[in-house]
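The block underneath contains the structure these notes are about, expressed in structure tokens.
The values are calculated or read from the model by the stated rules, or taken from the named source; none is laboratory data. Keep in mind it's a predicted model, so treat the numbers as computed, not measured. Virtual Cβ from ideal backbone geometry, glycine too; neighbours counted across all protein chains shown. Side chains are part of the model used for accessible areas, which takes the heavy atoms of the whole protein and leaves out ligands, DNA and RNA. Shrake-Rupley method; radii C 1.70, N 1.55, O 1.52, S 1.80 Å.
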Amino acid sequence: MTYEQAEKLLKEKGQEQLLRFYKELNEAERSRLLEGIEKIDWSFEEVLKNPEDLSGRGRDIRPIEGMSLKDIKERREEFFAAGAEAIRNGKVAAVLLAGGQGTRLGVDGPKGAYNIGITRPLYIFEQQMRNLKDVVEECGAYIPLYVMTSEKNHEETVAFWREHDMFGYPVSEIKFFVQDMAPAVDFEGKIYLESKDYPALSPNGNGGWFSSMRRAGLCEELHARGIEWINIYAVDNVLQRIADPVFVGATLLSGVNCGAKAVAKAYPEERVGVLCEEDGRPAIIEYYELSEEMANKREKDGVLSYRYGVILNYLFRLSKLEETADRRIPVHIVKKKIEYVDECGETKKPERENGLKFETLAVDLIRPMESVLPFEVEREKEFAPIKNRTGVDSVDSARELLKKNGVEL
Ligand code: UTP
């Protein structure tokens, strides 16, 4: 994009502030700024004009049928055989969602590069790759792995994996791709400048993984490899079981378009999104959207009716993802503190929210799938998320759980 093109576009959009420092930039900085402007996804304008009503639950919400630990135990071998066969036939790929910024953990750089070891280094990425290699060993085949990064951490992430020899996984089985970015704006909808030579852009939320994969041209490759199922998982759960053959088998044999790993909600008020049926379709309802009555509702045998708490580990049927890919999923407008460069060229770190970011969420991908299998896993064995340094869902709690599972720290 040339300066003239950028100027014309920004005038039309009422965003000329992005060129405020252009004149004082050197050649390299100027092209960086123009590149950044070219990357802006303008769909945020429509989202701001017509924000979706995301509070409007109150529709027909019901509990959803799923597979409990007991159901799974009874058919474990059958599920394992079906899942392992699909993996051996190259039908399953994994996607690591590592585009987040890990602000709560407060690290610079990729969250997966965080060292959770005590007596020796053990990185989050490393622990997750150990879990994946266990499956490779069990099934006798590699699972192609796609790692989603963001513009903010891509280079560091790739360098970190290279430095660690891809954690013992074959290079040919790993591919990195960068997720799409969305602008950060002030309350008037004006895009902030992150620096004099770049607009404030941030990852567009973990619901953007498939559209980012498509844009990166990876769908052709998935087809060429014969992949039919994609297991997405979060970077922060160090007990994450990836491409778990029992889960894969149960999903395949159930004939659904999506499997969702879930832990039984520990108590009615627990802050976790749960699977439900909404107007006849599967969906995830957030804890703050459940009425007290629903949260406390129990089945005849005493278990909570809304009990399948999701842990960001889903298996999607590729053909269904493609079929629904052009349908828009909700874009959440979130108030955030956004660092920016002011009119005088000074960097400001706001103490309170000063603008909006636009995010899509993986939970919103469940509804378009039309059928889902809630698949219960043992919390103590499979769920150790690291969101904070200490307290709930922290480095401390994850270390405890790793130790319980025999991992030396
Ligand atoms: P979180 O919602 O915990 O966000 O991400 P985060 O950015 O890692 O952490 P905070 O909120 O800033 O503290 C859950 C998963 O989704 C990924 C994260 O990397 C993590 O695996 N994610 C999140 C993305 O890949 N892209 C995004 O834009 C957001």
**Report entry** Accessible-area order (highest first, 1.4 angstrom probe) of the listed residues S43, S394
**Finding:** S43, S394
Requested in this report: Scan the range 313-358 for GluC sites (Glu not before Pro) in coil per DSSP, keeping those whose Cβ has at most 16 other Cβ atoms within 10 Å, and list them by number.
Outcome: E339, E343, E346, E351, E353
Query raised in the report: In percent, what relative contact order does the chain have, based on Cα pairs under 8 Å that are 6 or more apart in sequence?
Result: 23 percent
Report summary line: Note to self, the chain gives a 222 nm [θ] from helices alone (DSSP H runs n ≥ 4, -39500 (n - 2.57) apiece, / all residues, nearest 500) of -8500 deg cm²/dmol
Query raised in the report: Dipole of the chain, Cα-centred, from +1 at each Lys and Arg C-beta and -1 at each Asp and Glu C-beta, to the nearest 20 debye?
Result: 620 debye
Report summary line: For the chain, the per residue accessible area (1.4 Å probe, Å²) is 48 Å²
Requested in this report: Would you kindly compute the Cα radius of gyration of the range 262-334 and its largest Cα-Cα separation (Dmax), both in Å?
Outcome: 14.4, 42
Query raised in the report: Based on the alpha-carbon gyration tensor of the range 291-373, what equivalent-ellipsoid semi-axes (square roots of 5 times the eigenvalues) come out, in whole Å, largest first?
Result: 38, 22, 10
Report summary line: Taking only Cα atoms of the range 46-108, the Rg to Rh ratio with Kirkwood Rh works out at 1.17
Requested in this report: Taking amide H positions as placed in the peptide plane 1.01 Å from N, state which residues far from N231 in sequence (5 or more) or on other chains have amide H under 5 Å from it.
Outcome: A93, A94, V95, F316
Query raised in the report: Of A216, A384, A398, which is the most mobile in a GNM of the chain whose springs link Cα atoms less than 10 angstrom apart?
Result: A216
Query raised in the report: In angstroms, what radius of gyration and Dmax does the chain have, counting Cα atoms only?
Result: 22.2, 71
Report task. Net charge near W42: determine it from the other residues with C-beta under 13 Å of the C-beta of W42, scoring Lys and Arg +1 and Asp and Glu -1. Result -> -3
Query raised in the report: In Å and whole numbers, how far do the C-alpha atoms of the range 193-251 stretch along each principal axis, longest first?
Result: 51, 31, 14
Report task. Would you rank Y233, Y123 by solvent-accessible area, highest first, keeping every protein chain in place and using a 1.4 Å probe? Result -> Y123, Y233
Report task. Work out the charge dipole of the range 69-150 with +1 on the Cβ of Lys and Arg and -1 on the Cβ of Asp and Glu about the Cα centre, then indicate which of L145, G112, L132 is farthest towards its positive end. Result -> G112
Query - P(r) weight above 21 Å for the range 334-409, C-alpha pairs, percent - result: 62 percent
Report summary line: On the accessible surface of the chain, probed at 1.4 Å with all protein chains in place, carbon and sulfur together account for a percent value of 45 percent
Report summary line: Taking every other residue with Cβ under 11 Å from the Cβ of D236 and scoring Lys and Arg +1, Asp and Glu -1, one gets +2
Query raised in the report: Which semi-axis lengths, in whole Å and largest first, follow from the square roots of five times the eigenvalues of the Cα gyration tensor of the range 66-153?
Result: 30, 16, 14
Query - About the Cα centre, charge dipole magnitude for the range 9-163 (Lys/Arg +1, Asp/Glu -1 at Cβ), debye - result: 320 debye
Query raised in the report: How large, in Å, is the range 233-276 by the Kirkwood hydrodynamic radius built from its alpha-carbon pairs?
Result: 12.5 Å
Query raised in the report: For the range 1-130, what size does the Cα cloud have along each of its three principal axes, sorted from largest down, in whole Å?
Result: 69, 52, 34
Report summary line: Evaluated at 25 °C and 0.890 mPa s, the Stokes-Einstein D of the range 191-315 based on the Kirkwood radius over Cα pairs, in µm²/s, stands at 140 µm²/s
**Report entry** Fraction of beta bridges assigned by DSSP in the chain that are antiparallel (%, nearest 5)
**Finding:** 60 percent
